[in-house]
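Report on the following structure.
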Amino acid sequence: MLRRLLYYAMIGITGLLSMFAVADAGDANFVDVKDDTCVVLSDGELRLLPAKWHKYRGFVKTCGLTKSKGSDATISMVSIWSHEYLDANRKQTWEEFPLPILVDHQFRQCGTLPELYPASYVNSVYVRYGKWKSGIPTEIRVDVADPTVSGDYHYAPLKWDDSDRKYKIPTTRPLSGHRRVK
């Protein structure tokens with residue numbers, strides 16, 4: 001219990017401190033994924049996912065990647081709210097959760113994020129998307145606030161490939177420090 005309280009305190013402080021750096025790490029045309037807009041998947045939607053996701057029923061959420069509030073999402077991110085799951089099930093041991101996936105409006109998988117969202121064991125994860133083309137964000141950025149000695153890091157952007165209608169990332173090796181945007 002004390003470990004979890006300490007964890008949440010660290011996440012909160014790290015989140016506040018890094019929020020400004022991460023918010024600066026994009027241009028004005030990028031949109032942040034907002035946790036409060038994500039909704040729990042219905043049982044029917046959950047059944048469309050691979051079987052390894054099914055045990056997390058009630059904790060798998062979808063976040064529509066929309067250009068503006070109230071618009072329909074062509075692409076959505078699907079992720080497990082890992083800490084909510086562990087707390088609700090009184091689990092003390094971290095699990096290897098499936099990584100978040102990107103799906104189109106027909107629930108066809110079109111990409112995978114390199115990091116759990118909204119948080120991994122101790123890290124806070126921030127996802128931004130933009131560079132729109134035909135209603136699709138063609139670039140997704142993943143930035144991580146890490147309170148450990150390793151420090152914050154980010155990943156190369158996931159970029160939309162029109163030829164196979166999927167997001168590609170050149171490497172899943174994290175890049176040290178804050179993202180620098182030109």
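Cβ-Cβ contacts under 7 Å between residues 6 or more apart (or on different chains), taken from a first residue in the stretch 37-59 that is touching a residue at least 60 places away in the same chain (Cβ under 8 Å) to a second residue that is open to solvent by less than 70 Å² (accessible area, probe 1.4 Å) and of a type outside the set (Asp, Glu), are listed as Glu45/Phe107.
Summed over the stretch 66-97, residues that are under 16 Å from the mean Cα position of the chain (by Cα), farther than 15 Å from Leu41 by Cα and in a helix (DSSP H, G or I) total 1.
Which residues, counting only those in the stretch 112-137, are part of a strand (DSSP E or B) and open to solvent by 30 Å² or more (accessible area, probe 1.4 Å)?
Residues of the stretch 112-137 that are part of a strand (DSSP E or B), as a first pass: 112, 119, 124-133, 136-137.
Answer for the stretch 112-137, where residues must be part of a strand (DSSP E or B) and open to solvent by 30 Å² or more (accessible area, probe 1.4 Å): Thr112, Tyr126, Lys131, Trp132, Lys133.
Test Tyr126 against the stated conditions and say whether it is over 17 Å from Asp32 (Cα atoms) and aromatic (Phe, Trp, Tyr). Criteria not met by Tyr126.
Right, Phe107: more than 24 Å from Ser163 (Cα to Cα) and assigned to a loop (DSSP other than H, G, I, E, B) or not? Break it down into steps so the answer makes sense when it comes.
Values: more than 24 Å from Ser163 (Cα to Cα): no; assigned to a loop (DSSP other than H, G, I, E, B): yes.
Criteria not met by Phe107.
When every residue of the stretch 35-58 is checked against the conditions, none turns out to be surrounded by 11 or more Cβ atoms within 10 Å (Cβ to Cβ) and modelled with pLDDT under 90. Of all residues in the stretch 138-149, exactly one satisfies the criterion of being open to solvent by 40 Å² or more (accessible area, probe 1.4 Å) and among the polar types (S, T, N, Q), namely Thr148.
Within the stretch 150-170, work out how many residues are open to solvent by 40 Å² or more (accessible area, probe 1.4 Å), hydroxyl-bearing (Ser, Thr, Tyr) and at pLDDT 95 or above. Write out each step before concluding.
Taking the stretch 150-170 first, the residues open to solvent by 40 Å² or more (accessible area, probe 1.4 Å) are 150, 159, 161-166, 168-170.
Next cut, hydroxyl-bearing (Ser, Thr, Tyr) only: 150, 163.
Keeping just the survivors that are at pLDDT 95 or above gives 163.
Residues meeting the conditions: 1.
One line per residue, one yes/no per condition, for (1) out of contact with any Gly (no Cβ under 9 Å at 6 or more places or on another chain); (2) closer than 26 Å to Arg57 by Cα:
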position: Arg90; (1), (2): yes, yes
position: Leu102; (1), (2): no, yes
position: His105; (1), (2): yes, yes
position: Cys110; (1), (2): yes, yes
position: Leu116; (1), (2): yes, yes
position: Val125; (1), (2): yes, yes
position: Pro137; (1), (2): no, no
position: Lys159; (1), (2): yes, no
position: Gly177; (1), (2): no, no
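The values are calculated or read from the model by the stated rules, or taken from the named source; none is laboratory data. If you're wondering where the values come from, they're calculated on a predicted model, not measured in any experiment. Every residue, glycine as well, gets a Cβ built from its backbone with ideal geometry; the counts of neighbours run over all protein chains shown. Remember, those area values only see protein heavy atoms, side chains included, never the ligands or the DNA or RNA. Shrake-Rupley method; radii C 1.70, N 1.55, O 1.52, S 1.80 Å.
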